[in-house]
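This report concerns only the one structure given below.
The values are calculated or read from the model by the stated rules, or taken from the named source; none is laboratory data. Computed from a predicted structure; not experimentally measured. All Cβ positions, even for glycine, are placed from backbone atoms using ideal geometry, and neighbour counts span all protein chains on display.
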Amino acid sequence: MKIPFTNIDISRRNGGNKLIGKLLWPFSYNKGLLPDSNFANYLKAYTGWVYTASSKNATAVASTPIRVYAGKPNTNPLKNYKFKAISREKEADIRNRPSLLNLPQVKQAVEIVEILEHPMLQLFRHVNSYMNQFSLFEITDLYQELCGNAYWYILKDKLGIPRELWVIPPASFQIIPDPIDFIKGYVYGLGLQQQFFEEGEIVHFKMPSPTNVYYGQSPLSAVTSSYNISRNINRYENFIFQNMGRLEGAFETDNELSTYEFERLKQEIDQTFRGTENVGKSPLLEKGVKYKSYGATPKDLSFLRGRPYVKEEILNAYGQSLGLWDKDSTRANATVANENFMRDAIRPRLIRTEEKINEKLSPQYDENLFVAFDNPVPIDPEFRLKQVESHLKSGYSNINMEREEDNKDPVPWGDKPILNKNMVPLGEGEGPENEDNDGWVPSVPDEEGLKRILSGGIEGISNHLGELIIQRLQNHGR
């Protein structure tokens, strides 16, 4: 049974999610849904500080390595793919990462290994005939930075295995809502030139939006006013260079000019002084003509001083502080700014991306596979140096364990811990089992002997120490 004047079949609602059919007006389902914003205009805003901030985020995302892992459900070795074991620290990071810990292939795994050769890795390396891995993740994030949405079209071979990935521009791409299944599919194009895509053919990456459950919201949408102000400031200054935005001065005369003289003088002034190529030329005035200069008003100056505030607001919307761009920043401040940027801006973007890939792409290869980005937050080198020193001195680890943590090859002499000779477990520092390497054990006086030594005062103690030294020397054959 269908709702009159619609394509909605309410008979499918039995046992379905009753909320989905209430998200939109009934006439909005089963056709392309327009987004709240004009994505084409957002793409045109890829200039100035919007370009700088969005590009920095996109290149940081694309520069972070992504790896393919397998959760082994048993101890049997993998036969189909080349793999290697991962460190305990890496496995702990994967099992504790919120975006991965609830995946069945992680939760039920007895061991997690890194896959070195696999068709999904090949797909990332050779996305299609015109794109590679870096470009794929760069443009995917860039579309989200500008429009809040990015789309992958999965092109499969005859066996249903993903063969190529194509990034679809979001400006002409629309979601087709479904009152039962939430999304029926997607449509690309305008007017009669449209291409329909099944829901399973598309991977939809999006930033969170509190106003729309179908489309994401970009950082740019939050600072459109600042972007417009920045653009107007640029236009204003450009007009000043062209002597069009504000009067720098005026030519005055007490004499009455005829129409011919007025037009001739105006044309000469335009040819001589207007335009950046004529800046600095000295005027040659006719008799009775004077030039009066107009200075910049406080209103004009305050308008131009607004540029730093606009810059800061745009950068902050993209998760970047001014410390990232301060050329006078100290090394310590720059390091902290970069660490905060990677932790607060880039890592959440990587988490959203890997979650969507594990949801839509990884299961099409193997239910035990999943992807994960490396942690982009840099390690403080000074802190790491102190950590290594502390671990080695305390016997917490050996040299090869620390080298593995730093992704370096082991050394032949690095498996033995470096310990202080005085460091022994409590209660094991006495008795013949702890004698020196030469087998010598100092004689310990009994109670009567100890009283006799102490009764002799300093001389008695000195004599006893002398005897011990003689015993030690004799033991060495001296």
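General remarks:
- Qualifying residue in the range 321-341 (condition: within 30 Å of K156 (Cβ to Cβ), outside the structural domain of I154 (by TED's automatic domain parsing), touching a residue at least 40 places away in the same chain (Cβ under 8 Å) and out of contact with any Leu (no Cβ under 7 Å at 6 or more places or on another chain)): no
- When restricted to residues that are out of contact with any strand residue (DSSP E or B) (no Cβ under 7 Å at 6 or more places or on another chain), surrounded by 18 or more Cβ atoms within 10 Å (Cβ to Cβ) and over 23 Å from P219 (Cα atoms), the range 327-365 contains 0.
Residues are listed down the side, and each one gets a yes or a no for (1) over 26 Å from P210 (Cα atoms); (2) modelled with pLDDT of 90 or more; (3) within 26 Å of the chain's Cα centre (by Cα):
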{"residue": "L19", "(1), (2), (3)": "no, no, no"}
{"residue": "K44", "(1), (2), (3)": "no, yes, yes"}
{"residue": "N57", "(1), (2), (3)": "no, yes, yes"}
{"residue": "T75", "(1), (2), (3)": "yes, no, no"}
{"residue": "N80", "(1), (2), (3)": "yes, no, no"}
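- Residue in the range 120-129 that is under 30 Å from N41 (Cβ atoms), assigned by TED's automatic domain parsing to the domain that holds L43 and hydroxyl-bearing (S, T, Y) present: no
- Lone qualifier among I86, I66 - being modelled with pLDDT of 95 or more and among the β-branched types (V, I, T): I66
- Residues that are outside any helix (DSSP H, G or I) and surrounded by 14 or more Cβ atoms within 10 Å (Cβ to Cβ), drawn from the range 139-160: G148, N149, A150, Y151, W152, Y153, I154
- Counted residues, the range 184-213 - those being within 29 Å of L315 (Cβ to Cβ) and not β-branched (V, I, T): 8
- When Q105 is tested against (1) assigned to a helix (DSSP H, G or I); (2) modelled with pLDDT of 95 or more; (3) surrounded by 18 or more Cβ atoms within 10 Å (Cβ to Cβ), just one condition goes unmet, and that condition is (2).
- Tallying residues that are assigned to a helix (DSSP H, G or I) and charged (D, E, K, R) within the range 108-133 yields 1.
- Against the conditions (1) hydrophobic (A, V, I, L, M, F, W, C); (2) under 22 Å from the mean Cα position of the chain (by Cα); (3) not in a helix (DSSP H, G or I), L136 satisfies every one except (3).
- Here the range 317-341 is the region considered, the condition is being small (G, A, S) and out of contact with any Pro (no Cβ under 7 Å at 6 or more places or on another chain), and the residue that is farthest from P376 (Cα to Cα) is S329.
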